[in-house]
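To start, the structure itself, in structure tokens.
The values are calculated or read from the model by the stated rules, or taken from the named source; none is laboratory data. Keep in mind the model is a prediction, meaning the values are calculated, not measured. Positions of Cβ are backbone-derived with ideal geometry, glycine not excepted, and every protein chain shown enters the neighbour counts. We work out accessible area using only protein heavy atoms, side chains counted, and drop any ligands, DNA or RNA first. Shrake-Rupley method; radii C 1.70, N 1.55, O 1.52, S 1.80 Å.
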Amino acid sequence: MQVKILADSACDLPLDFYTEQNATLLPLKVQVNGNEYEDVKTIQPQMVYEAIRNGNIPKTSQPSPVLFEEAFTNMAKNNEDGIYIAFSSALSGTYQTAVMILDQVKENYPNFDLTIVDTKCASLGQGLIVKEAARLAANNATKEEILKDVLFRVQHMEHLFTVEDLEYLAKGGRVSKASAFLGGLLNIKPLLNVEDGKLVPLEKIRGKKKLLHRVIEVMKERGSQLNEQIIGISHADNEETALEMRRMIEEEFHPQDVYISAIGSAIGAHTGPGTIAIFFLNQLPKKNE
């Protein structure tokens, strides 16, 4: 039986991905203007950005324990083995809740074989790992083979991103208030990355053009065999810059593909509109493994 792949909506893959790949979506929750929605399923990111521009900061929360319990119990009853590729535990309690619920389900189904992986990733950093796991599962790879690939990519996934306004991240507690204040001065654009699952400011660069060129430089410094990779770009209502970034990446590195995705409502509620993020591996898995 094919290994089941599960992912939460923080991976910023579109709804049709889950249908096409027979993967299970575990949506985070988003509260906007007093209403609660399921990320990807019942809310579009544009609603979040409009709320932010109008001064209303949306709130997010992890998938409900009931959702985890239903998904895990259904798999256990069907004797399905699976891998849940989860949002960074440093940014959300989603992973910890899933582990807790799995322990409870296993009390009734002790042979249930589900592995939950803390990716320490977000957005398409997580999404690219999910996509490759789903591809391997569709090709009838064993759970051990898929898990080995997932864990390798978790170790080697790079995140580079910039936000239009650091204030959004500060309000959600993702970066310090001081960083947000400095970022707002003199058209300074922050370049951030993810270290051990946490958002960390990397550099401050004046002006968008210099920033995009610096992204290419950092990719050169950190990337490996970028011509053999699928590189991810996610954006928050900023497709024009995403396409410009894709053109620069293709011109410089000639990758296998550049996959562009909209940042979903749950991640976008914290980054705010205008965000651009780039994802790639600093090392490739060995082909003979």
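Structure notes:
- Scanning the stretch 179-221 for residues that are within 23 Å of Leu243 (Cβ to Cβ), at pLDDT 90 or above and not aliphatic (A, V, I, L, M) gives Asn193, Lys209, Lys210, His213, Arg214, Glu217, Lys220.
- Filtered residues of the stretch 1-46 (kept if touching a Leu at 6+ places or on another chain (Cβ under 8 Å) and small (Gly, Ala, Ser)): Ala7, Ser9, Ala10, Ala23
- Which numbered condition Asn79 misses (of (1) over 28 Å from Asn282 (Cα atoms); (2) open to solvent by less than 20 Å² (accessible area, probe 1.4 Å); (3) not aromatic (Phe, Trp, Tyr)): (2)
- A residue that is surrounded by 15 or more Cβ atoms within 10 Å (Cβ to Cβ), touching a residue at least 40 places away in the same chain (Cβ under 8 Å), of a type in the set (Ser, Thr, Tyr) and within 30 Å of Glu203 (Cα to Cα) cannot be found anywhere in the stretch 95-108.
- Which listed residue is open to solvent by 30 Å² or more (accessible area, probe 1.4 Å) and under 24 Å from Pro45 (Cβ atoms), from Glu221, Glu252, Glu203, Glu244: Glu244
- Any hit, the stretch 195-217, residues being without any contact (Cβ under 8 Å) to a residue 24 or more places away in the chain, under 20 Å from Ala122 (Cβ atoms), among the acidic types (Asp, Glu) and not in a helix (DSSP H, G or I): yes
- Within the stretch 1-57, the set of residues being closer than 30 Å to Arg135 by Cβ, free of Cβ contacts under 8 Å to residues at least 24 places away in the same chain, not in a loop (DSSP other than H, G, I, E, B) and not charged (D, E, K, R) comprises Tyr18, Thr19, Leu25.
- Taken together, Val66, Val40 contain a single residue that is among the hydrophobic types (A, V, I, L, M, F, W, C) and surrounded by fewer than 16 Cβ atoms within 10 Å (Cβ to Cβ), which is Val66.
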